1. Would you kindly identify the strands (runs of 3 or more DSSP E) lying entirely within segment 277-354 that contain at least 2 residues that are touching a residue at least 24 places away in the same chain (Cβ under 8 Å) and over 30 Å from Glu130 (Cα atoms)?
2. If I ask for residues that are within 11 Å of ligand 3 (Cβ to nearest atom) and either assigned to a strand (DSSP E or B) or within 27 Å of Glu441 (Cα to Cα) (or both), which ones from segment 359-370 would you list?
3. May I ask you to list the residues in segment 30-88 that are assigned to a strand (DSSP E or B) and touching a Lys or Arg at 6+ places or on another chain (Cβ under 8 Å)?
4. Could you please find all residues in segment 35-93 being at pLDDT 95 or above, surrounded by fewer than 18 Cβ atoms within 10 Å (Cβ to Cβ) and β-branched (Val, Ile, Thr)?
5. For residues that are touching a Cys at 6+ places or on another chain (Cβ under 8 Å), part of a loop (DSSP other than H, G, I, E, B) and away from ligand 3 (no atom under 16 Å from the Cβ), scanning just segment 371-397, find the one that is modelled with the lowest pLDDT.
6. Kindly evaluate Ile511 against the criterion of being touching a helix residue (DSSP H, G or I) at 6+ places or on another chain (Cβ under 8 Å), in a helix (DSSP H, G or I), closer than 20 Å to Lys482 by Cα and aliphatic (A, V, I, L, M).
7. Taking Ala438 as meeting all but one of (1) in contact with a strand residue (DSSP E or B) (Cβ under 9 Å, 6 or more places away or on another chain); (2) among the small types (Gly, Ala, Ser); (3) modelled with pLDDT under 80, write down the number of the exception.
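The values are calculated or read from the model by the stated rules, or taken from the named source; none is laboratory data. Fair warning: this is a prediction, and the values are worked out from it, not measured in the lab. Cβ sites come from the backbone with ideal geometry, for glycine too, and all protein chains shown count toward neighbours.
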Amino acid sequence: MQKQDYIVSVSVNAPIDNSLSYVCDIENLPVGSAVEVPLGKRKVNGIVLGKEAFKEAEYELKKVQCISETRPQLNQKFISWCQWLSKYYFYPLGVVLDLAYPPLKKHGRKTKHVVVPEITQSHAPSYTDEQKKVIDDISKINSFNVHLLHGVTGSGKTEVYLKLIENCLNQDKTAIVLVPEISLTPQLLNRFAARYPDDVAIIHSQLTAREKTNQWWSAYDKKKRILIGARSALFCPVKDIGLIIIDEEHESSYKQDEKLKYNGRDAAIMLAKIHDCPIVLGSATPSLETYKNAVSGKFQYHEMSQRVHQQNMPEMKVIDLKKERENRGNVDLPFWLSESLHSAIDMSLKNSKQTALFLNRRGLAQSVVCPDCSFVYMCPNCEISLTLHNKSDLVCHYCEYTEQYTDNCPSCDSLEIKPLGLGTEKIEKDISELFPDARVERVDRDKVINRHQLEDIINRMESNEIDILIGTQMIAKGLDFKNLQTVGLVLADVGFNLPNFRSSERSFQLITQVSGRAGRNADDPGKVIIQAYNTEHPSIVHALKNDFKGFCESELNVREKLNYPPYGKLAVVKFSSNHPNKLQSSQTKLQHFNQKYIEKHPENLRILGPGQAPFYRLKNRFRHQMIVTSRQYSHLQHYCQYLLANKKNIFDSQVKVLVDIDPLNMM
Ligand code: ADP
Ligand code: ZN
Ligand code: ZN
């Protein structure tokens with residue numbers, strides 16, 4: 001042992017809750033340094049969290065092997081943020097910290113692709129009164145503040161972001177802009193790159209490892225001071241953050257559903273707090289969580305209610321598909337197409353205008369059912385019916401299992417077996433038959449699997465090479481087409497009855513979003529047709545009146561009664577196994593554990609379940625879950641911590657347990 005040796009605590013990239021102590025003889029090893037250390041027989045990456053003088057330990061501590069040369073030091077603010085993530089979402093700190101680094105070494109080949117578009121510089125417009133007010137109000141305070149920018153689509157939110165970024169760059173600080181992955185289209189990136197050439201870095205999941213690494217370094221080194229990206233961009237340890245923007249803050253895609261199950265929006269708020277800088281959450285349909293925080297004064301509320309280029313919102317019409325069926329004149333139309341929507345499409349075609357049709361369901365038919373024996377094609381691995389694609393492929397939308405569809409029922413041989421329900425593929429087929437001269441294109445996950453394909457379709461939409469665009473919610477987000485006149489939501493009911501307390505909120509958002517796609521042209525407000533079976537559903541009624549506040553009031557009422565977010569905090573404990581009997585015995589132990597816990601802390605929690613998850617079997621794994629609600633996060637945290645500490649006593653070793661805090665997916 002040398003005199004200058006000391007002890008460092010290192011958070012290692014392994015599923016371990018605490019940091020580990022190592023002996024170190026490297027001179028001047030600052031906190032935040034990335035090191036390589038031995039762990040068992042392996043060598044793992046870790047981050048130095050603290051140092052202390054050497055004391056004679058009872059056992060022989062292992063030694064820090066080296067500083068990782070390719071991994072630069074992390075700043076203290078970033079580390080604090082990771083510590084919060086780790087604690088809040090119950091995920092090992094060392095694994096969280098490891099997410100900070102890009103996939104490759106700094107210096108490598110130049111990339112062929114241009115990640116950030118090169119484009120002629122644009123200039124700020126003269127702002128509308130609403131924009132001016134919002135910019136002034138937000139710029140007033142430079143410290144941590146959460147701002148909700150609630151602005152209808154086309155009200156000029158993006159211009160507000162661009163201006164706020166200018167103020168931030170003028171103080172030589174950096175800005176992070178988060179958008180949902182799917183909105184990272186050239187349409188959006190061009191606007192940022194055009195205003196701030198040479199200052200934009202971009203991080204999203206479709207970049208190559210080399211591209212991602214280069215973008216990461218340009219943001220880390222502050223060569224580019226604006227980082228735009230999907231939620232994972234938060235893990236780039238940018239210095240001197242002066243502003244964070246979360247566009248479409250209500251988007252469920254900000255929540256990561258696996259591993260570290262964080263919500264990018266909430267994590268960004270914490271990052272802003274640590275950097276003591278303002279954060280702006282923008283949306284035309286804010287989430288109820290955010291809206292309630294704005295109403296209660298925790299967040300600052302800013303509203304923009306006017307579209308920049310025109311006063312009129314598109315004409316909106318709801319069609320009751322039940323009545324339509326009874327009174328239909330034109331019997332040749334497919335069952336899902338009302339006469340109103342049909343004639344609107346026809347009109348737009350005649351006027352050389354575009355149509356977009358939305359349906360949140362892929363395929364030709366949702367399930368194939370035999371009317372004689374009620375046989376349904378099911379996935380053998382999952383408890384889900386198979387969806388028909390391409391006339392003869394039956395596909396599981398969860399595990400991608402496929403089998404061939406035959407004309408007779410595999411169970412009773414009946415020839416009556418037939419596809420039921422509706423998907424985007426079916427709409428495409430019917431529309432092409434009804435309008436044989438129209439140029440029809442479809443956008444969904446079956447057809448458009450990478451961003452180049454999506455970009456190609458956007459380009460062809462912009463240059464009027466497409467007449468009718470059919471798609472899932474993939475195309476409902478952030479796209480802006482001047483020549484789009486008719487927008488149809490084919491079946492608004494799709495989301496209503498999902499067993500999720502957020503389904504009304506989602507439907508309201510989708511209807512509003514879809515409507516916002518129309519009327520982007522000043523001379524033509526456009527037309528939105530919403531088809532539904534349940535036309536009295538609150539999400540339709542309020543969306544139709546453009547009554548966001550009314551919707552929130554009614555929905556918040558429901559949530560308060562049930563103690564659901566934003567009133568209560570929620571956690572889902574999911575446990576799954578390949579062995580249903582082990583799952584069952586673990587569940588019995590869990591029930592005992594819960595009983596004892598509730599006896600000790602009777603006021604703190606409500607526990608729903610445990611029981612089978614709505615999708616009991618997926619990919620051949622059996623799934624149980626339990627929902628825990630509380631008025632206070634601290635109570636939830638206490639319970640989850642205690643549960644995880646007792647994990648080994650409750651759950652069989654072949655049962656996997658996960659805690660999901662603020663869950664969105666409870667299926
Ligand atoms: P949002 O993000 O709220 O949907 P955008 O910022 O995209 O709105 O603005 C909608 C359209 O209006 C865009 O084409 C944008 O360039 C334009 N725009 C925004 N603000 C102004 C302004 N003050 N003057 C002129 N055009 C503007
Ligand atoms: Zn399956
Ligand atoms: Zn049958």
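1. Details: elements: 278-283, 300-304, 315-320.
The strands (runs of 3 or more DSSP E) meeting that bar are 315-320.
2. Within segment 359-370, Val368, Val369 qualify.
3. Those that are assigned to a strand (DSSP E or B) and touching a Lys or Arg at 6+ places or on another chain (Cβ under 8 Å): Ala34, Glu36, Val37, Pro38, Asn45.
4. none
5. Residues of segment 371-397 touching a Cys at 6+ places or on another chain (Cβ under 8 Å): 372-373, 375-376, 379, 381-382, 384-387, 396.
From the residues that got through so far, the ones that are part of a loop (DSSP other than H, G, I, E, B) too are 372-373, 375, 379, 381-382, 384, 386, 396.
Retained after the next criterion (residues that are away from ligand 3 (no atom under 16 Å from the Cβ)): 379, 381-382, 384, 396.
On the way: Cys379: 86, Asn381: 86, Cys382: 82, Ile384: 79, Cys396: 86.
By that ranking, first place goes to Ile384.
6. Here the answer is yes, as Ile511 does meet what is asked.
7. That leaves (3) as the condition not met.
Table: residues versus (1) within 16 Å of ligand 1 (Cβ to nearest atom); (2) without any contact (Cβ under 8 Å) to a residue 24 or more places away in the chain; (3) over 27 Å from Leu357 (Cβ atoms).
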| site | (1), (2), (3) |
| --- | --- |
| Ser385 | no, yes, no |
| Thr402 | no, yes, no |
| Asp413 | no, yes, yes |
| Leu422 | no, no, no |
| Ile427 | no, no, no |
| Ser432 | no, yes, no |
| Val440 | no, no, no |
